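What follows is a single structure, written as structure tokens, with notes after it.
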Amino acid sequence: MGVLVKICGINSREAADAALRAGADFAGLVFFERSPRHLSLEQAAVLARLLRGRARVVTLMVEPTDAAVDEVMAAVSPDLVQLHGNESPARAAAIAARTGRPIIKALAVADSEDVVRAHAYEEAADYLLFDAKVDASATRPGGWGSAFDWQLVSGRTFRRPFGLAGGLNPENVARAIKISGAQLVDASSGVEDSPGRKSPEKIAAFVTAARNAPYTNVAGAA
């Protein structure tokens, strides 16, 4: 099986349609008010209905309370939940139990120690998603278009599939897959014309480039 593709930050019908036409495996809906891709529960519910059954719907939350988790689950009923903050392994496991959904745990990476830290989440999460670590002054944990050194995960093995996020675009995704051996690639700002405004052309080009990338599952799950 080839690499899986996730388009994150879907915030319009046009973006959802573009992701579906391109054949994305996952479509991410963002619930984080400081993000230009943030959705209301009502907006997300409409998009989820459009996407359901055609791509796996992922709700992205950052250190959510139980009440916030419950609200999103009731409104969207996603296929997976992505945790993109500093949630502990125990908290990730608790949210998995509360929702009954698989968990994608995003992990910020700047050096090899950050990659090693991912092993602590192998029981709680179903996918590990390595993203670029942002500056301490950043107003949100992702979606800035910056990448980390993909060599840091090259040759690594985990008990769960792992993916790459951060700075991926149609021009570099094939190289990222080749270097890292990632089983999942996730694009948001890299398929936009401006923050929060998805480009159907870039979405199509990203999915095509990822599908055509030489994929050998070099790292993979142990």
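The values are calculated or read from the model by the stated rules, or taken from the named source; none is laboratory data. These numbers were taken from a predicted model, which means no experiment stands behind them. Positions of Cβ are backbone-derived with ideal geometry, glycine not excepted, and every protein chain shown enters the neighbour counts.
Step by step: first the residues of the stretch 133-150, then only those that are out of contact with any helix residue (DSSP H, G or I) (no Cβ under 6 Å at 6 or more places or on another chain) and modelled with pLDDT of 90 or more, then the one that is nearest to ALA187 (Cα to Cα). Which residue is that? Please lay out each step first, then the result.
Kept after step one, since they are out of contact with any helix residue (DSSP H, G or I) (no Cβ under 6 Å at 6 or more places or on another chain), are these residues of the stretch 133-150: 133-142, 144, 146-149.
Adding the requirement that they be modelled with pLDDT of 90 or more leaves 148-149.
Details: PHE148: 14, ASP149: 16 Å.
Going through the qualifying residues, I end up with PHE148.
Looking at the stretch 188-216, which of its residues are closer than 20 Å to SER154 by Cβ, in contact (Cβ under 8 Å) with a residue 40 or more places away in the chain and in contact with a Gly (Cβ under 9 Å, 6 or more places away or on another chain)?
If the condition is that a residue be closer than 20 Å to SER154 by Cβ, in contact (Cβ under 8 Å) with a residue 40 or more places away in the chain and in contact with a Gly (Cβ under 9 Å, 6 or more places away or on another chain), then ALA210, ALA213, TYR215 are the ones that fit.
From the list MET73, MET61, which residue is within 16 Å of the chain's Cα centre (by Cα) and closer than 21 Å to ALA96 by Cβ?
Every option except MET61 fails the conditions.
Which numbered condition in (1) at pLDDT 95 or above; (2) outside any loop (DSSP other than H, G, I, E, B); (3) buried (at least 17 other Cβ atoms within 10 Å of the Cβ); (4) of a type in the set (A, V, I, L, M) is the only one that VAL116 fails?
(3)
Residue by residue through the stretch 50-90, note down the ones that are surrounded by fewer than 22 Cβ atoms within 10 Å (Cβ to Cβ) and closer than 17 Å to ARG160 by Cβ.
Selection gives ARG56, ASP79, LEU80, SER88, PRO89, ALA90.
Confirm whether VAL116 is over 17 Å from the mean Cα position of the chain (by Cα) and hydrophobic (A, V, I, L, M, F, W, C).
The answer is yes for VAL116.
Please work out if ALA24 is in contact (Cβ under 8 Å) with a residue 12 or more places away in the chain and more than 30 Å from SER154 (Cβ to Cβ).
No, not satisfied.
Restricting attention to strands (runs of 3 or more DSSP E) lying wholly within the stretch 147-200, give those where 1 or more residues are touching a Leu at 6+ places or on another chain (Cβ under 8 Å) and surrounded by 20 or more Cβ atoms within 10 Å (Cβ to Cβ).
Result: 162-164, 184-187.
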